[in-house]
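Below: the structure, in C-alpha cells.
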Amino acid sequence: MEKYIDIFLKSYKGYWNYLKHELINVNHWDNYFYGLIIISIVVWTLEILFPWRKNQKIFRKDFWLDTFYMFFNFFLLNLIVLIALSNTVAELFNDFIGFFGLNINSLQLIDMNILPKFWGLFIFFLVSDFVQWNTHRLLHRVPLLWNFHKVHHSVKEMGFAAHLRYHWMEPIVYKTILYVPIAIIGGFNAQDVAIVHFFNIVIGHLNHANLGWDYGILKYIFNNPKMHIWHHAKKLPEHVRYGVNYGLTLSLWDYLFKTCHVPESGRDIELGFDGDEHFPKDFLSQELYPLNKQNKLKRLVKP
C-alpha cells in the first residue's frame, strides 16, 4: 500500500512541475497549454467568420461555462486526480498480471518502433479512436455511465468549447478501457502522442463549432459539424434511441457499423436530452449530479 501512496504523491509533484513548465516555456511545439489556446482561437474565429446558425451569438449560451470546463478538464483535472490515479492504477495492473508471470511488456504484440513513423502513428490513431468509439457507445448504453455523460449532452447551443464540457469521470472510463489496447501496440513517445492528440483536438473543436461543414467526400472518414450535431439531438427516432454518430475523430466507424444518422440539415434542431430542463446549470452542481443517489436510479432511454 505504501508503494501506491508514494506513486500517487510523486505523480502530483511531477504533474505540477510539468504544468509550470508548460506555462513558462512557450518555445516547444508540443506545448499543450498554448496549443489548446491557439486551436481554440482559430476555430472560434472560423465560427465568427462563417457561422452556420447566424442568429447564434458569438458569446453563445454557456460560453464561459464551457470555456471553464475546457481548461479545467484539460489541465486542472489532470493535476487533481487523473495523472496520479492513472499511474497508480497502471502499477496495480502491472502487479496483478505479475502474479501470472507477465508484465506490461509481455503483452506488447507490435512494437511501433520497427515501423516507419507515419505507419506507427497511423496504427496508434486508428486503434485508440476505435476503442474510444466503443467506449462512447457504452456511455450511452449503460445507465450509470449515461448519468455522467449527461454533462456533455446538457449543451443547448453548440460551439467549439462544448467539445471539452464533460464530467471528470469520463476520462477515467476512457483511459481505463484504452490502457491495455495501447499497451499491446507499445513503442510510443510523448511527441507521438502529442501529434495525435493535437489532431484530435482540432477535429473535436470543429465538430462542436457553429460551422455548417461536412468536408464533402471526407465526411465518410472524418466526423464533422453537420454529422455531430445529430449526436446532440434531443429527439431521435425510436430505433436509434440510445444515440447516433458516436465517432470522436473518425466517422468511419459509424458508417461501417450502421450507427450513422444524418437525415437532413440539423442546423436548427433542439439539443439536449429528455428531462434536461431539470439538469443543473452550474459547474459544481453538474459535477455532483451523477453522485446523487436518486439520479443514479433514473434511466432516461433517449439521450
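The values are calculated or read from the model by the stated rules, or taken from the named source; none is laboratory data. Remember, predicted model here, so these are calculated numbers, not experimental data. No Cβ is skipped: glycine too gets one built from the backbone with ideal geometry, and neighbour counts run over all protein chains shown.
Numbers for the structure displayed
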{"item": "Single unsatisfied condition, K156 versus (1) in contact with a Lys or Arg (Cβ under 7 Å, 6 or more places away or on another chain); (2) surrounded by fewer than 19 Cβ atoms within 10 Å (Cβ to Cβ); (3) assigned to a helix (DSSP H, G or I)", "result": "(3)"}
{"item": "Listing of helices (runs of 4 or more DSSP H) fully contained in region 170-258 that carry 1 or more residues being modelled with pLDDT of 95 or more and among the small types (G, A, S)", "result": "190-208"}
{"item": "Residue list for region 159-169, filter: in a helix (DSSP H, G or I) and modelled with pLDDT of 95 or more", "result": "F160, A161, A162, H163"}
{"item": "Residue within region 159-172 that is touching an Asp or Glu at 6+ places or on another chain (Cβ under 8 Å), surrounded by fewer than 16 Cβ atoms within 10 Å (Cβ to Cβ), in contact (Cβ under 8 Å) with a residue 60 or more places away in the chain and more than 19 Å from N224 (Cβ to Cβ) present", "result": "no"}
{"item": "Filter result for A161 (of a type outside the set (D, E) and under 22 Å from Y32 (Cβ atoms))", "result": "yes"}
{"item": "Inter-residue pairs, beta-carbon under 9 Å, first closer than 17 Å to F68 by Cα and in region 25-47, second at pLDDT 90 or above and exposed (fewer than 12 other Cβ atoms within 10 Å of the Cβ), 6+ apart", "result": "W44/I58"}
{"item": "Whichever residue in region 263-289 is surrounded by 14 or more Cβ atoms within 10 Å (Cβ to Cβ) and either among the acidic types (D, E) or modelled with pLDDT under 90 (or both) and, among such residues, is farthest from L164 (Cα to Cα)", "result": "D276"}
